[in-house]
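Presented below is the structure to which this report refers.
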Amino acid sequence: MTNAATQATSAIGLDVGTSRIVAAYREDKGIQCDTQLNAFVTIPFSKLTQSVLKKERIPHLVQDNEITVYGDESERFANLFHKETRRPMLRGVLNPDETGSLMLVREIVRLVTGREQGDGQKICFSVPAAPLGADAEVHAHETALKEMLSRLGYDPRGISEGLAVVYGEMENSNYTGIGISCGGGLCNVCLAYLSVPVFTFSIPKAGDYIDWSAAKLRGESATRIRTIKEESFHFNGQFTNKIHQALNTYYEDMIQALVAALKDTFASVQNMPKLNRPIPLVLSGGTAMAPGFRDRFEKTLRDTDLPVAISEIRLGASALNSTARGALVAALSEL
């Protein structure tokens, strides 16, 4: 893998998501992003298999009597062997049921940055807003990531995922607006005014919720449902395919829950800044990439009374990379 991050870079933005890990860094005058699935699958160990994986440069680890294939290649192996991919993270934080979760995140970070060790660079990494009652889990997750990145030789700090979306997509509005990241484990939301967060929150209904719910309903694996969702699902109102029908049902449930949480959070905020003009709302993340998602979200939001006027609802210019790009903006601002 060719990766400009292997050169001396001044700073790195890192989106540590449940579904994907993305690194953003400056290359010439633009921003380059590299991404890998935050997933793995285990296969039985044999010396022949290990040598073939080495020859094919497929990222893997050997532990006990198993080979762990991680990153993008894990999905191919999972589909090949009719297995579910496993996740180092669950609902936005390190998965407590996977004992090697932090080690696998470390290896995937090495993949997307293209380097074994940092060299004192600033690295700003995304941290989810805590779902209700999960503050301790998020704090422990952030602490573990910060320690891991420090041991890799970086100078790390965390940034709220929703705020990173604002930084990555809202330079033209002086970082004022609502940033939403619809990821795998969580949907993260932030309202910022002139780059200062007014509120952040997350809900646990996101891409994994859609995949697992549709898989259970249709008797399929979540990995296969996810593949179908990403390759062929779109909002068109006419669903002859039963898997598409199920995906539509749970997407609709997620959108309703997200808009309701946004309304409730606005209602609970005290000392709301006086906004003298309508503000933009930007959607990002893989779960927001389904064709027609933005229109369906806008229709639901426009039917809801919010105390602020929304000037536009748009998909991020780099929707899959918005969080990493915003984390890079934050890291560069500290140089």
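Structure notes:
- Test: residue in segment 126-137 that is among the charged types (D, E, K, R), farther than 22 Å from M272 by Cβ and in contact with a strand residue (DSSP E or B) (Cβ under 6 Å, 6 or more places away or on another chain): yes
- Every residue from segment 62-100 that is open to solvent by 40 Å² or more (accessible area, probe 1.4 Å), more than 22 Å from the chain's Cα centre (by Cα) and over 27 Å from I228 (Cβ atoms): V62, Q63, D64, N65, E66
- Residue in segment 149-172 that is open to solvent by 10 Å² or more (accessible area, probe 1.4 Å), more than 17 Å from V329 (Cβ to Cβ) and without any contact (Cβ under 8 Å) to a residue 24 or more places away in the chain present: yes
- Extreme residue, farthest from L335 (Cα to Cα), among residues of segment 37-61 that are open to solvent by 10 Å² or more (accessible area, probe 1.4 Å) and in a loop (DSSP other than H, G, I, E, B): S46
- Per-region count, segment 7-36, residues in contact (Cβ under 8 Å) with a residue 60 or more places away in the chain and part of a strand (DSSP E or B): 18
- Test result for E231, under 18 Å from D208 (Cα atoms) and assigned to a helix (DSSP H, G or I): yes
- Filter result for D119 (modelled with pLDDT of 95 or more and open to solvent by 20 Å² or more (accessible area, probe 1.4 Å)): no
- Test: residue in segment 200-211 that is of a type in the set (K, R), within 15 Å of the chain's Cα centre (by Cα), open to solvent by 30 Å² or more (accessible area, probe 1.4 Å) and farther than 14 Å from G326 by Cβ: yes
The values are calculated or read from the model by the stated rules, or taken from the named source; none is laboratory data. What you see is a predicted model, and the numbers here were worked out from it, not measured in a lab. Note: ideal-geometry Cβ built from the backbone for every residue, glycine included; neighbour counts use all protein chains shown. Surface areas here come from the heavy atoms of the whole protein model, side chains and all, with no ligands, DNA or RNA. Shrake-Rupley method; radii C 1.70, N 1.55, O 1.52, S 1.80 Å.
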